[in-house]
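Here is the structure we will look at, set down as structure tokens.
Bear in mind that the values in this text are calculations on the coordinates, not laboratory data. Small disclaimer: the values here were computed from a predicted structure and weren't measured. Cβ placement follows ideal geometry from the backbone for every residue including glycine, while neighbour counts extend to all protein chains displayed.
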Amino acid sequence: MLPVRGRDGRTTGPARILGTRTAWTPVGDGQFFCPGCGGDRNYQRLTGRRRFTLLGVPVLPRGTTGPVVECAACRHHYGTDVLDHPTTTRFSAMLRDAVHTVALAVLAAGGTCARTSLEAAAVAVRAAGFEDATEEQLGALVDALAADTGRVFEQPGGASLAIELHEALEPLAPHLAPAGRESLLLQAARIALADGPYTNAEREALGTVGAALTICADDVSRLLAAARTPS
Ligand SMILES: [Zn+2]
């Protein structure tokens, strides 16, 4: 092939003679976590129509391509699986809700809530992002749960809180590092221990938390024992 002279007189390679060009059309938008520039960004979802070009001029359709996700900040393109990863904002909300649900489950399993348990739970829930959470609010929620379902983990109605735990934890678990999953279980264990040794119902609730976080049974036992040892 002959080299082509560019407009500025530079010699350009033969790739410029023939090529493909893609025209992108937006088909949706939203927010995502951009792995390229590392943060929550707006994106456009694009589908492309490829055209075969001769000397830079589109001459023949070459079918469709995509869809891809384009970051509004860095303009990089990604496969749509990048949308499976939650945004930082969404991830924080998932974690906050998970800590709240776990705290309620452990308190409810403990039956009548001791002040020390409510305090331990309120500290964990506030640290997770519900800054206004109080012992009274948590106590009222646990009373409401008990009135609604009976003793939460000891009766058939107790299945509902187990379902809540799975719904709050399972979508979160794949996005947490193992240390993050263990730390969530340890927080729950410390709430359970705030009023004395684990009861059977508390162990059961913590076992459900561990399973929903995809922590294996051996590790759950190890972590529950470790939580008992004052650090
Ligand atoms: Zn980006």
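Amide H to amide H distances under 5 Å link G39 with C34, where only residues 5 or more positions off or on other chains count and H is placed in the peptide plane.
The HN-Hα couplings worked out from phi for region 170-181 by the Karplus form 6.51 cos²θ - 1.76 cosθ + 1.60 (θ = phi - 60°) are 4, x, 7, 3, x, 9, 9, 5, x, 5, x, 5 Hz, whole numbers, x standing for Gly and Pro. Each other residue within a Cβ distance under 10 Å of N42 adds +1 if Lys or Arg and -1 if Asp or Glu, for a net charge of -2.
The GluC sites (Glu not before Pro) of region 48-155 that meet both conditions, a loop assignment by DSSP and at most 12 other Cβ atoms within 10 Å of the site Cβ, are E131.
For trypsin sites (Lys or Arg not before Pro), the sites in region 37-89 that DSSP calls loop and that have at most 16 other Cβ atoms within 10 Å are R75.
Along each principal axis, taking the top coordinate minus the bottom one, the Cα set of the chain gives 85, 36, 32 Å in descending order. Give me the angle, in degrees from 0 to 90, between the Cα long axis of helix 159-169 and the longest principal axis of the Cα atoms of the chain, rounded to the nearest 10. Around 40 degrees separate the two axes. Based on C-alpha pairs under 8 angstrom that are at least 6 apart in sequence, region 82-231 has a relative contact order of 29 percent. The value given for region 19-129 is a Kirkwood hydrodynamic radius of 17.5 Å, derived from the mean inverse Cα-Cα separation. Each peptide in 105-112, 83-90 was scored by the mean count of other Cβ atoms within 10 Å over its residues; highest first, the order is 105-112, 83-90. Phi-derived couplings, Karplus 6.51 cos²θ - 1.76 cosθ + 1.60 at θ = phi - 60°, listed residue by residue for region 195-200: 10, x, x, 4, 8, 4 Hz, with x used for Gly and Pro. Using the empirical formula 2.2 N^0.38 Å as the baseline, the Cα radius of gyration of region 161-230 reaches a ratio of 1.03. So if we plug the beta-carbon distance of S92 and A147 into 1/(1 + (r/R0)^6) with R0 = 22 Å, what FRET efficiency do we get, rounded to 0.05? For S92 and A147, the calculated efficiency is 0.10. FRET efficiency for the A225 to Q137 pair, using the beta carbon distance and R₀ = 45 Å, is estimated at 0.90. Annotation for A127 and H76: the two label points, set 7 Å from Cα along the Cα-Cβ direction, are 3.3 nm apart. Every helix of 4 or more DSSP H residues in the chain counts as -39500 (n - 2.57), and over all residues that averages to -14500 deg cm²/dmol at 222 nm. Electrostatic bookkeeping for R62 treats Lys and Arg as +1 and Asp and Glu as -1; over the other residues with beta carbon under 13 Å from its beta carbon, the sum is +4. Just checking the listed ones, A128, A120, A73: in the Gaussian network model of the chain with Cα springs under 10 Å, the one fluctuating most is A73.
Available extension along the chain between T65 and T116 is 12.4 nm, counting 0.36 nm per residue and deducting the alpha carbon span.
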